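The values are calculated or read from the model by the stated rules, or taken from the named source; none is laboratory data. Given the structure is predicted, the values throughout are model-derived calculations rather than measurements. Every residue, glycine as well, gets a Cβ built from its backbone with ideal geometry; the counts of neighbours run over all protein chains shown. Just so you know, the surface numbers come from the protein's heavy atoms only, side chains and all, with ligands and any DNA or RNA stripped out. Shrake-Rupley method; radii C 1.70, N 1.55, O 1.52, S 1.80 Å.
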Number of protein chains: 2
Amino acid sequence: MIINQQIKLLNILKFYGQKKSLDILNNVSNKIKPFISDKRLKRFEDSINNRNKRFIIVCENLDNPGNFAAVVRSADAIGIQNLCLINEGGNLDSNFEKYDRVSLGSGKWVTVNKYYSTTKCIEKLKEQGYSIWASDLSATAFQFDQLIFQPNKLTPQLSYFLSESIKNVNSLNNNNQEEEELIKNLAINELYNNNNKIVNNNNNKNFIRNDEKIALVFGNESNGISELMRSLSDRRFYLPMVGFVESFNISVSVAMTLSFLKMQGVITPDLSPLDKIKLLNKFVLSSIPKNKLVLEKLGFDSDLILKLIK
Amino acid sequence: MIINQQIKLLNILKFYGQKKSLDILNNVSNKIKPFISDKRLKRFEDSINNRNKRFIIVCENLDNPGNFAAVVRSADAIGIQNLCLINEGGNLDSNFEKYDRVSLGSGKWVTVNKYYSTTKCIEKLKEQGYSIWASDLSATAFQFDQLIFQPNKLTPQLSYFLSESIKNVNSLNNNNQEEEELIKNLAINELYNNNNKIVNNNNNKNFIRNDEKIALVFGNESNGISELMRSLSDRRFYLPMVGFVESFNISVSVAMTLSFLKMQGVITPDLSPLDKIKLLNKFVLSSIPKNKLVLEKLGFDSDLILKLIK
C-alpha cells in the first residue's frame with residue numbers, strides 16, 4: 001500500500017517534471033526559431049511529425065561503418081527516430097565515429113545510442129518496455145512476412161479491399177447505403193481498438209498487437225547476431241528468401257524489414273509532445289553556430305537546456 | 001480476314017513449336033538430372049517454382065557494378081527471374097562483366113538481358129506487353145505506396161482482417177456460420193477474378209490489376225534515369241520518404257520496391273511449364289562439367305538444346 005502510494009507520488013512528480021520541461025523547451029523553441037529559415041524550420045517540423053519510436057533498430061558488432069550509415073539513411077527516410085549501435089568491447093569505436101560522414105548527414109537527425117556491451121543495451125531496452133526481435137537464421141526463427149501486424153493506419157490496399165468486401169457482403173444481405181456506411185465504420189474501427197474482441201480473443205500466435213514496442217536487431221555482416229544476443233532476444237526472425245542467396249546485405253535486410261512494416265501500416269508517427277519539442281530544439285540548435293552563446297544571450301541556462309534535449 | 005487467318009496459323013505453329021520444345025526439354029531433363037545430387041536438384045526445382053516473370057527489374061547506366069550485384073541478389077531472393085541491364089553506348093561493359101563475381105553467384109540463377117541502347121530495351125519490353133515504370137523524383141511521379149495492387153495471393157494481414165470484418169458484419173446481420181463461410185469465400189474470391197465488378201467498375205486510378213506486366217526501372221546512382229527513359233516510360237514513381245535523406249542507394253530502392261510488392265501479395269510464382277523446364281535444364285547443365293559433350297553422348301543435338309534453353 002505504501003509502495004503504491006510512493007509509485008503514485010513518483011508518477012505525479014514525473015508528470016510535473018515533464019510538464020515543466022515542456023514549458024521551458026517551448027519557450028526556448030519560440031526564441032531560437034527566428035535564427036533559421038522558415039523553409040528549414042518547416043522541414044524539421046514535417047520530419048519530426050512523421051517520426052516513430054515504437055520501433056528501434058539495433059546493430060550489433062558491425063564490421064563496416066558504411067553499412068551502419070546505409071541503415072541510418074533508411075531509418076531516417078522511413079521515419080524511425082531511434083537506433084542503437086553496439087560494439088562489444090568498443091574496439092571499433094574510432095571507425096564508427098566516421099559513420100556520420102558516410103550517412104550523408106542523416107546521422108544528425110536520428111538518435112543513435114552507443115553501447116559497448118550487448119547486455120547493457122538489451123537491459124536498457126527491456127527497461128523501456130521493448131521486445132527484442134533478432135534477425136537470425138537459426139532453427140527457432142520465424143518468417144517475418146507471416147506475421148499479422150495490427151495496423152495503426154489502414155494501408156490503401158487493406159482499406160480498399162475491406163470496403164469492397166463489406167459492400168459485397170451487404171449487397172448479399174440487401175442492406176441500404178446508410179447501413180453499409182455504419183457497418184463499414186464499425187468493421188474498420190475494430191482494427192484499431194486494443195480492447196476489442198479481435199485482439200483480446202486472439203489466439204493466433206502470429207498476431208502482433210499495435211501496442212507492442214519492438215527493437216529489431218541486426219548482427220555482424222558475416223556472423224550474424226552474437227550467442228549472447230540470441231539468448232537475450234525474445235524472438236528470432238528471418239526474411240522470406242526463395243532463391244539461391246542465403247542472406248541479404250545488412251542494409252538490404254533493414255530496408256526490407258522496414259518496408260514490410262510500413263506496408264502493414266504500423267510505422268506511423270507516435271512521438272509525444274515532449275519528444276517533439278526536444279528534437280525540434282536539438283535540430284534548430286544544431287543549425288545555429290555558437291548555440292551555447294546564443295542560448296545564454298537569450299537568457300537561458302545553456303547547460304540545463306542541452307541536458308533537457310539530450 | 002486473310003491477316004487474321006495468318007495470325008491464327010502462326011499461333012497454331014507457335015503452340016506446336018512450344019509443345020515440341022517442351023517434349024524435347026522434358027526428355028533432356030530426365031536424362032541429365034542423374035548427373036547432379038538430389039539435394040541440388042530439389043533446390044533448383046524449389047527456386048524455379050517460386051519465380052515470377054510479371055515483374056522485371058531494369059537498371060539503366062549504373063556506374064557501380066557492385067550495386068547491380070546487390071540488385072541481382074535481392075531479385076533472386078524475392079523471386080524475380082528477369083532483369084535488364086542497360087549500358088547506353090556499352091562503355092561500361094567490361095566492368096559489368098564482373099558483376100557476377102560480386103553477386104555471390106546469384107547472377108547465374110536469374111536471367112540478365114544486356115542492352116547497349118535504352119530505346120532497344122524498352123521497345124523489346126513493350127513488345128512483350130510490359131508497362132514501363134521508372135523510379136524518378138520528377139514532378140509527374142507518384143508515391144509508390146499509395147497504389148492498390150490487386151493481390152494474387154492474400155497476405156496474412158489482408159486475409160486476417162478481411163475474415164474478421166466479414167465475421168463482424170455477419171454477427172450484426174445475425175447470419176449463421178454456414179452462411180458466414182459462404183459469404184467469406186465469395187468476398188475473398190472477388191479479389192482474384194479479373195472479370196468481376198471490383199476490378200471492372202474500378203475508377204480508382206491507383207488500382208493496379210493483377211494482369212498488368214510491369215518493368216521497374218532504376219537509373220544511375222547520381223543522375224537517376226535518363227531523359228530518354230523518362231520520355232519512354234509509362235509511369236514515374238518514387239518511394240515514400242519522410243526524413244532528411246532525399247534519395248536511397250539503388251540497392252535499397254530496389255529492395256524496398258520489391259518488399260512493398262511482396263507485402264501486397266503480387267510477387268507470386270507465375271512461370272509457364274516451358275519457362276520452368278528451360279530454366280531447370282539451364283541450371284542442371286550449368287552444374288555439369290563438359291555439358292555439351294554429355295548432351296552429345298546422351299544422343300541430343302547439343303547446339304539445338306543450348307539454343308532452346310537460351
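Being in contact with a helix residue (DSSP H, G or I) (Cβ under 7 Å, 6 or more places away or on another chain) and of a type outside the set (G, A, S) is a property that A:L258 has.
Within the bounds of the range A:64-83, is there any residue that is more than 22 Å from B:L239 (Cβ to Cβ), over 16 Å from the mean Cα position of the chain (by Cα) and away from chain B (no Cβ under 14 Å)? Yes, the range A:64-83 contains a residue that is more than 22 Å from B:L239 (Cβ to Cβ), over 16 Å from the mean Cα position of the chain (by Cα) and away from chain B (no Cβ under 14 Å). Where helices (runs of 4 or more DSSP H) fall entirely within the range B:1-84, those with at least 2 residues that are basic (K, R) are at B:2-32, B:38-48.
The residues listed here are B:N50, B:N61; of these, the one that is at pLDDT 90 or above, under 25 Å from the mean Cα position of the chain (by Cα) and under 22 Å from B:L228 (Cα atoms) is B:N61. Annotation note: of A:I277, A:I288, the sole residue that is touching a residue at least 12 places away in the same chain (Cβ under 8 Å), outside the structural domain of A:D145 (by TED's automatic domain parsing) and part of a loop (DSSP other than H, G, I, E, B) is A:I288. Filtered by the rule that a residue be in a helix (DSSP H, G or I) and either touching a Pro at 6+ places or on another chain (Cβ under 6 Å) or touching a residue at least 60 places away in the same chain (Cβ under 8 Å) (or both), the range B:108-123 gives B:K108, B:T118, B:T119, B:C121, B:I122. In the set (1) under 24 Å from A:T118 (Cβ atoms); (2) of a type in the set (D, E, K, R); (3) buried (at least 16 other Cβ atoms within 10 Å of the Cβ), A:R51 fails one condition alone, (1).
So that you can scan it fast, the table gives a plain yes or no per residue for (1) open to solvent by 40 Å² or more (accessible area, probe 1.4 Å); (2) more than 17 Å from the chain's Cα centre (by Cα); (3) more than 9 Å from chain A (Cβ to nearest Cβ):
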residue: B:I250; (1), (2), (3): no, yes, yes
residue: B:V254; (1), (2), (3): no, no, no
residue: B:M263; (1), (2), (3): no, no, no
residue: B:L274; (1), (2), (3): no, no, yes
residue: B:I288; (1), (2), (3): no, yes, yes
residue: B:K292; (1), (2), (3): yes, yes, yes
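Of the residues that sit in the range B:132-153 and are of a type in the set (A, V, I, L, M, F, W, C) and open to solvent by less than 30 Å² (accessible area, probe 1.4 Å), which one is nearest to the other protein chains (Cβ to nearest Cβ)? For the range B:132-153, the residue satisfying everything is B:I148. Flag: A:L280 matches the condition of being at pLDDT 95 or above and open to solvent by less than 20 Å² (accessible area, probe 1.4 Å). Scanning the range B:98-113 turns up one or more residues that are within 10 Å of chain A (Cβ to nearest Cβ) and modelled with pLDDT of 90 or more.
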